[in-house]
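Taking it in order: structure first as structure tokens, then the write-up.
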Amino acid sequence: MFWLIGGIVILFVIWKLFFEEENPLDHLPGPKKWPIVGCAFSLLGTPYDDLFSTMLEFPKKYGYRYVLKIFSRRILHVYNVDDFEIILTHSRNITKNRPYDFLEPWLGAGLLISTGSKWHRRRKTLTPTFHFNILRNFSKVFEEKSRDLVHKLKNMPEGNVDVLSVIGDFTLYTICETAMGTQLDCDSSTSAVEYKDTIKNMGTQVISRLTKFWLHPDLLFYQTSLGKQFARNLVTAHSFADNVIAERKKRIDQEGSLVKNLEDTTKDNSKRRLALLDLLIEAESNGEIDVEGIREEVNTFMFEGHDTTAMALSFGLMLLADHEDVQERIFEECKAIFGNSDRTPSWSDLAEMKYLEATIKEILRLYPSVPFIGREITEDFMLGDILVKKGVEVLVHIYDMQRRADLYPDPEAFQPERFLNGEVRHPYAFVPFSAGPRNCIGQKFAMQEMKCALSEICRNFTLVAAERGARPKLKADIVLRPVHPIYVKFIPRSRD
Ligand code: HEM
């Protein structure tokens, strides 16, 4: 056995040294490459919490296009808007890179991670689901959950609030009701409580695995306590979603489909409300998706639809707490729309909140919830003058690009006005929702939800930073997170 393994290693080394095909990317800058291993050891030993800040130094050292070669894996990192445009608009290089594989047991081949013709079919089926006219049906949920959030904040003990935990509940409850029609906040059954914890834990477990290369093979991972916990969570998440889907179908059989009669669900007194799930069930009856597909998409919406908005809102509250002038302008904008009324915002009120919209864009410029996007190249293509060959992975660094001083004067400053005065000129200089065929299908949904929550908060509170001017250390997994909690004081304000 020893001889066999030794022989394989020697053959591998000979192949690497003498026969491995040269790749044009090998001429690009990057950390020092050693024979065989490449730069596999350049980040080894960097604690996970320091990885993001360490990587921020790389473009300063190696420029806006560099390569990390790990054994025979080449990862091309790009930071130029022109490169973003070429990569994100490529119609065939749409396959996600390897880290997404660890989400597969949970999300299956749903819209986020599928590729090729399966992704094309799904995208076609799901695009109408996120049409503005459909989203209008969710306005009542956004309003109610925002009102509950304000109520919760008003009833919290005076002092600093850990915003991530409060906002995390808000976005989870919102997506759960809009995607599945289930009110997690009103459901104290064991399965609902378990589901809530599961959804919150699974992302962290996926990331824990991602950062420990020895846990990558399934065979090892599922033997560890982390792997066993993950497997238990999978059962909880899948059986909860399966039950909700079955119940919803039963109700549609008994009472008819809401999709055929959309107008009714927007009315205040309508007892039944539309959920994204209803549209998936309708698509099933038209033969466009099967039951497994419905489950994949429900899980995908739950995953993509809560952490992303939670992080944007939390970083947003932190920035607002530091900028009273911005809070005041939002408050004044709301006053012009609502007068002294305390009604919650309607769909058309939200459309009028232009300054708030610019503020949310500026939040997403500084803290894009998805800080980078990965692709596995399946077809050779030219990136300017460089041939990028099949098999390479590409990382598109949204966070870093959106803080480039040549694109944004005084890039670290929080200035919502940038998005009102035409400062943002290049169409790919602002891409928190990505761009091209694989852009975020939920972006309008997310913008409406965030507008609703932030306008309600600014109408009801003055925000005060726990530590003025402090900016959190960041880490990135699938979303951008602060390493430590963000604290903000919410001081109730009068409406005058
Ligand atoms: C602030 C909020 C959000 C941000 C910043 C955001 C950002 C993104 C980005 C950058 C991508 C592309 C990922 C990639 O190419 O790897 C993406 C994809 C996606 N997002 Fe969002 N997202 C947000 C909210 C949402 C919400 C609320 C939903 C669902 C209700 C959603 C559903 C999806 C789905 C299904 C995809 C995959 C689309 C495809 O590949 O065809 N997102 N999002």
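Can you tell which of Asp325, Asp307 is surrounded by fewer than 18 Cβ atoms within 10 Å (Cβ to Cβ) and among the charged types (D, E, K, R)? One residue alone meets the criteria, Asp325.
Counted as qualifying within segment 85-185 are the helices (runs of 4 or more DSSP H) with 1 or more residues that are closer than 30 Å to Leu383 by Cβ, namely 104-107, 116-126. Do you know which residues across segment 461-496 are assigned to a strand (DSSP E or B), farther than 21 Å from Thr54 by Cβ and out of contact with any Ser or Thr (no Cβ under 7 Å at 6 or more places or on another chain)? Listed by number, the residues that qualify are Phe461, Thr462, Leu463, Val464, Ala465, Tyr487, Val488, Lys489, Phe490, Pro492. Would you pick out the residues in segment 447-481 that are over 22 Å from Met302 (Cβ atoms) and within 13 Å of the ligand (Cβ to nearest atom)? Within segment 447-481, Leu454 is the sole residue that qualifies.
Listed here are the residues, each with its yes/no results for (1) assigned to a helix (DSSP H, G or I); (2) away from the ligand (no atom under 16 Å from the Cβ).
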{"residue": "Asp325", "(1), (2)": "yes, yes"}
{"residue": "Ile337", "(1), (2)": "yes, yes"}
{"residue": "Asp342", "(1), (2)": "no, yes"}
{"residue": "Asp349", "(1), (2)": "yes, yes"}
{"residue": "Thr359", "(1), (2)": "yes, no"}
{"residue": "Ile373", "(1), (2)": "no, no"}
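Return yes when Lys354 is charged (D, E, K, R) and either buried (at least 18 other Cβ atoms within 10 Å of the Cβ) or closer than 30 Å to Ser72 by Cβ (or both) and no when it is not. When the stated conditions are applied, Lys354 does not pass them. The number of residues in segment 403-446 being polar (S, T, N, Q), farther than 19 Å from Tyr64 by Cβ and within 16 Å of the ligand (Cβ to nearest atom) comes to 2.
Taking the condition under 26 Å from the mean Cα position of the chain (by Cα) and at pLDDT 95 or above, does Ala231 pass? Criteria met by Ala231. State all residues of segment 182-200 that are buried (at least 16 other Cβ atoms within 10 Å of the Cβ) and of a type in the set (A, V, I, L, M, F, W, C); if no residue qualifies, say none. Scanning segment 182-200 gives Leu184, Ala192, Ile199. Answer yes if at least one residue in segment 450-458 is out of contact with any strand residue (DSSP E or B) (no Cβ under 9 Å at 6 or more places or on another chain) and surrounded by fewer than 20 Cβ atoms within 10 Å (Cβ to Cβ), and no otherwise. Looking for residues that are out of contact with any strand residue (DSSP E or B) (no Cβ under 9 Å at 6 or more places or on another chain) and surrounded by fewer than 20 Cβ atoms within 10 Å (Cβ to Cβ), one finds none in segment 450-458, hence no. The condition (being within 26 Å of the chain's Cα centre (by Cα), among the hydroxyl-bearing types (Ser, Thr, Tyr), within 14 Å of the ligand (Cβ to nearest atom) and over 30 Å from Arg65 (Cα atoms)) is satisfied by just one residue among Thr300, Thr309: Thr300.
The values are calculated or read from the model by the stated rules, or taken from the named source; none is laboratory data. None of these values were measured; they are calculated from a predicted model. In this analysis, Cβ positions are derived from the backbone assuming ideal geometry, glycine residues included, and neighbour counts consider all displayed protein chains.
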